[in-house]
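Okay, so here's the structure we're looking at.
The values are calculated or read from the model by the stated rules, or taken from the named source; none is laboratory data. Note that the coordinates shown come from a computational prediction; the quantities given were computed from them, not determined experimentally. Here the Cβ positions follow ideal geometry from the backbone for every residue, glycine too, while neighbour counts run over all protein chains shown. Please note that ligands, DNA and RNA were not included when accessible areas were found on the heavy atoms of the full protein model with its side chains. Shrake-Rupley method; radii C 1.70, N 1.55, O 1.52, S 1.80 Å.
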Amino acid sequence: MPLVSFENICLTIAGQAVLDGVNLKIDRGEHVVLVGPGAAAKQGLLALLDGRREPESGQVKLEPGLRVASASRASAFPENVLLFEAAMAEQAELLALRQKIIKAREEGENAEARLADMEGRYKTSGGLMLERRVTRALELVGFDASSFNQPVHLLAGAERHRLVLVRLLVSDADIMVLDEPTRSLDIEATEFLESFLTVYKGTVLVLSSDRSFIEHFCTRLVGVESDGSLHSYPADFDKYRSMRADRLGLDPEAQNAMPHREMEHSGKVVFQVRKLLLRPGGQDLMSGVEFAIERGERIGIVGPVGSGKSSLLKVLADVQSPEGGHIQRGFKTLVGYLDQEVHGLSTGRRVRQELSAAAEGLSDERMAAVAAALGFDDERLNAKVEDLSQAEQSLLAAALLILGEHTVLMLDEPTQHLDCEGTERLAAALGDYPGTVMVVSRDRHFLDQVAKRILSIEGRGIVDVEGRYSELRRKRAIMADLSHQPDLGALVEDSSGKGGDEAKTKTKAKKKVDKPAGNTKVQAGELEARIEALINRMADPAMALDWEGLEVLSAEKKQLQEQLAAMKNKH
């Protein structure tokens, strides 16, 4: 029996039919990702599953007793609650018991007997293990331990999004519903989440536009079309594009070039940066940074949340002043800057008018080429800007810069509102642009398509390396202090793994790693088999909450992998 069944579903949002007689089944253990142009339909499916909406007709059937964890359900908590307690809130009984224990400890001797009983129940119910899981999850999505006792009402929007994600990861639900979970995460936290989902034994339904993220854990893609129809595809984005194109009679290889105006070249050196100091609000972000940007370069800027990526772009675009240092602009360095909020689009004007204003005298032929590159039909060209979706506005804003009188484009997280197709369109448009391009992005696939040089903010400096992001990351030429495979510790989680005998698990986990003997091929095969066995044990529901036991298994696996690598290097 499927875990979830959408049967002949019809759904209307704001008077518009977004799902029309669709059927979808999700089996236990599947990792299903929603992709495609049907933005409202994708949101509608998530809302139906977590109970925020009811269909006009059809049925959503859930396995009896099914526990659903979703961002909409996990985003509500009292404003005066502390961060750590808010992260535990999906485990309401354990949280309540923990709060009683804290209160009893404050009462001292008057509550000794009651305290001992509560502490025993808390431990046997998995409370201590849950605390380890919450601590690890908070750290891995970017929270510092010093913020654990911070009231939730002090959190910024992106921090709240990360807190909600932590609540879902430790919820022990049967199915997790994730809506663009990487949107507020830096690359390190995204790598953690994708590693977690890769070994996660539970079921997930994900809406995501991050292609690199999707391809790590997805078991099935569900394409959602603008007409509200659904179609299942293999867990391979290239196959999805090819099969969808065949079904719709499209050419999957067709790439519509974005036209651009003839531009005068800028000088050879576009920017010369010397001893740059960024200290907004008294917070040191960068100190003594020096680099140069030359005409025609494609630069990707990466770094942790709050490291100063956006500030660096704003300083170069002359939107904000540095606290020290010198930035010299080259001859005819004319910057077109796009911030994360896509400001600057006129209201009351139609898309066609905006494009014509950006490129005076735009012919019908070039207008058609622009529309094709954006994926806009005649209806969308004649729509008012304020009636466009966020994704359409993002693409339009980028197109206006490309058509404008600029020699340098600077874009801050330009893909955050785009689906996978929109991201591909933007990457293609920037690839054809004859000037200089600088992008801040957490989308690794987009970076690989666009950037040929990476500025990685590390510490208070910059690691400046030529090459594609993924290749540089693989070689550890950038972000060398970060692991490609984050230690998931207590977070390899399955709902059936609550409680258990900690001491027994630890005893089983603490095994010595023996040196291999015999024929080299046989030795390598034995090592690979032992590594595979360890990986399976780490994914076992019985290990889900044993943080210390998983640490031991992880260390053993690492040691075996190092032995295997050394053996292969010798031969």
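What FRET efficiency would be calculated for the residue pair LYS475, LEU277, taking the C-beta separation as r and a Förster radius of 25 Å, to the nearest 0.05?
Once rounded, the FRET efficiency stands at 0.25.
Starting from the Cα-Cα distance between ALA111 and ASP144, subtract it from 0.36 nm times their residue separation and give me the gain in nm to one decimal. Mind dumping the intermediate values first?
Details: separation 33, 0.36 × 33 = 11.88 nm, distance 3.28 nm.
Difference between extended and current length: 8.6 nm.
What nm distance separates the two modelled labels at GLN390 and GLN328, each placed 7 Å from Cα along Cα→Cβ?
My value for the distance between the label points is 4.2 nm.
Express in Å², to the nearest 10, the accessible area of CYS10 obtained by rolling a 1.4 Å probe over the protein heavy atoms while all chains stay in place.
Surface accessible to solvent at CYS10 totals approximately 30 Å².
Please give the contour-minus-distance gain from ARG28 to GLU379: 0.36 nm per residue of separation, less the Cα-Cα distance, rounded to one decimal in nm.
122.2 nm
Residues of the stretch 116-243: accessible area per residue at 1.4 Å, in Å²?
33 Å²
Bin all alpha-carbon pair distances of the stretch 334-479 at 10 Å intervals from 0 and give each bin's fraction as a whole percent.
11, 40, 32, 12, 5, 0
Report, largest value first, the span of the C-alpha coordinates of the stretch 211-318 along each principal axis, in whole Å.
Taking max minus min along each principal axis of the Cα atoms, the stretch 211-318 gives 55, 39, 22 Å.
Using alpha-carbon positions, what is the distance between the centroids of the stretch 310-348 and the stretch 402-462, in Å?
The two parts, judged by their Cα centres, are 15 Å apart.
Which three extents, in whole angstrom, do the alpha-carbon atoms of the chain cover along their principal axes, largest first?
Largest to smallest, the principal-axis extents are 82, 63, 61 Å.
Students sometimes get this wrong: rank LYS452, LYS557, LYS61 by accessible area, probe 1.4 Å, all chains present, largest first.
Result of the area sort, largest leading: LYS452, LYS61, LYS557.
Using Cα centres only, tell me the gap between the stretch 365-395 and the stretch 44-94 in whole Å.
36 Å
Kindly rank 367-378, 75-86 from highest to lowest mean number of other beta carbons found within 10 Å of each residue.
Sorting 367-378, 75-86 by mean packing, highest first, produces 367-378, 75-86.
Hey, can you grab everything whose amide H is under 5 Å from the amide H of ILE13? Only 5+ residues off in sequence or another chain; H modelled, so Pro and N-termini drop out.
Answer set, sorted by chain and number: VAL18.
Any number yet on Rg/Rh for the stretch 139-182, C-alpha, Kirkwood?
Computed over Cα atoms, the ratio is 0.98.
Using a 7 Å offset from the Cα along the Cα-to-Cβ direction at both ALA96 and ARG67, what is the distance between the two label points in nm, to one decimal?
1.5 nm
Give me the percent of the accessible area of the chain that comes from carbon and sulfur atoms, probe 1.4 Å, all protein chains in place.
Values: 12270 of 26120 Å².
Ligands and nucleic acids excluded, carbon and sulfur give 47 percent.
For the chain, what does -39500 (n - 2.57) per DSSP helix run (n ≥ 4), summed and divided by total residues, give at 222 nm, in deg cm²/dmol to the nearest 500? List each step's numbers first, then the result.
Numbers: 21 runs with 231 residues, N = 571.
Rounded to the nearest 500, the figure is -12000 deg cm²/dmol.
Quick check on packing: order 401-410, 311-320 by the mean number of other C-beta atoms within 10 Å, highest mean leading. Could the numbers behind the result be given before it?
Working: 401-410: 21.6, 311-320: 19.5.
So the peptides 401-410, 311-320, ranked by packing, come out 401-410, 311-320.
On average, how much accessible surface per residue is there in the stretch 363-479, in Å², for a 1.4 Å probe, leaving out ligands, DNA and RNA?
Result: 36 Å² of accessible area for each residue.
Using a 7 Å offset from the Cα along the Cα-to-Cβ direction at both SER287 and GLU253, what is the distance between the two label points in nm, to one decimal?
It works out to 5.5 nm between the two label points.
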